Amino acid sequence: LGGHIAELLQWNRPGVVRSMADMIARTRETQADMIKGVAKALRLAAPHEHPRLVPAVLLLEHVAEDYASVPGAVSSLLGSLLLQTLVTYEEEHLTPLLKSFAGMSTDYLARIACDNAGSRALEAFYASGTVPLKAKAKLTEKLAEDVVRVASDRCGSHVIEQAYRAATVERKRVLVEALAREFKTIAKSHFGALVCKRCRVEQFVSGAAEW
């Protein structure tokens, strides 16, 4: 599939690539080949290049090793839609994507979380029934490192809420503890206040037993 996907992207037909991914998601056939094909089309087929795969899929273009230091866009609409589909594939095929999610810096992850299209891909990651809980927990730990920035953002706040919903009770506590440490700052913003309400942060801060 790699050659065909590369040609479609070169011809500015990313919508066709996304349709292929959607079809494969429904049939559950050749999912591994689809992910490998996307990686090959983006010139990131080698295992040591997989940490750059998610940023490249979001942008639908090859990214260099210093991609995180490049200012500007972090996603495209069709790239986000494609990634939203890929993260629903069976767990055994997700290794390259999971490696990439785990390898992103906290700052770049926050940039994605606060991006209109990028945030939707992260929400899909958390909503996926095939992404392991351990992988979701690792991503949440990174988001918690920049929780004021993400939770106070219009898009990022939805990512935090989705991370909370997807977490086990133990991991919910870790996220809420991070929010609680910055509660006064986060609650000053409209979206931050909504996050605190939906994640029951004020109850946690007050020590309410029912949390």
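Determine, for each peptide in 11-23, 38-50, the mean count of other beta carbons within 10 angstrom over its residues, then list the peptides with the highest first. Write down the numbers at each step before the final one.
Details: 11-23: 16.0, 38-50: 18.0.
Final packing ranking: 38-50, 11-23.
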(message) Check which residues have an amide H placed less than 5 Å from R200's amide H, if you skip close sequence neighbours.
(response) none
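Tell me what the chain gives for mean residue ellipticity at 222 nm when only DSSP H runs of n ≥ 4 count, each as -39,500 (n - 2.57), the sum divided by the residue total, rounded to 500 deg cm²/dmol. Walk me through the numbers on the way to the answer.
Details: 15 runs with 140 residues, N = 211.
Computed mean residue ellipticity for the chain: -19000 deg cm²/dmol.
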(request) Name the long-range amide H neighbours of A45: under 5 Å, sequence gap of 5 or more, or other chain; modelled H, no Pro or chain starts. (result) none
(message) Let me check I've understood the local charge: for L42, count other residues with C-beta under 10 angstrom from its C-beta, Lys and Arg +1, Asp and Glu -1. What total comes out?
(response) +1
(request) With Cα extents along the principal axes in Å in mind, check (i) 57, 35, 28; (ii) 115, 30, 28; (iii) 69, 39, 23 and report the label derived from this structure. (result) (i)
(message) Let's see if you can work this out: charge +1 on each Lys and Arg Cβ, -1 on each Asp and Glu Cβ, no other charges. What is the dipole magnitude of region 21-78 about its Cα centre, in debye to the nearest 20?
(response) 160
(request) Could you let me know the centre-to-centre spacing of region 55-121 and region 1-35, using Cα atoms, in angstrom? (result) 17
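Ignoring ligands, DNA and RNA, what accessible area per residue does region 5-137 give at 1.4 Å, in Å²?
46
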(request) Enumerate the calculated ³J(HN,Hα) couplings along region 7-17 in order (Karplus 6.51 cos²θ - 1.76 cosθ + 1.60, θ = phi - 60°), each rounded to whole Hz, writing x wherever the residue is Gly or Pro. (result) 5, 4, 5, 5, 8, 6, 10, x, x, 5, 4
(request) Identify all lysines with a Cα-Cα distance to K197 below 23 Å; exclude those on the same chain that are fewer than 8 residues away in sequence. (result) K136, K142, K172, K184, K188
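Report the net charge of residues surrounding A117, where surrounding means a beta-carbon distance below 15 angstrom and charges are Lys +1, Arg +1, Asp -1, Glu -1.
Details: positive: R18, R111, R120, R154; negative: E61, D115, E123, D153.
So the surrounding residues net to 0.
Using a 1.4 Å probe on the protein chains only, how many percent of the accessible area of region 6-138 belongs to carbon and sulfur?
Values: 3270 of 6210 Å².
Heavy-atom surface of region 6-138 belonging to carbon and sulfur, 1.4 Å probe: 53 percent.
The values are calculated or read from the model by the stated rules, or taken from the named source; none is laboratory data. Everything numeric here is computed off the predicted structure, so don't read it as measured data. For neighbour counting, all protein chains shown are included, and Cβ atoms are generated from backbone atoms with ideal geometry for every residue, glycine included. For accessibility, only protein heavy atoms count, side chains too; no ligands or nucleic acids. Shrake-Rupley method; radii C 1.70, N 1.55, O 1.52, S 1.80 Å.
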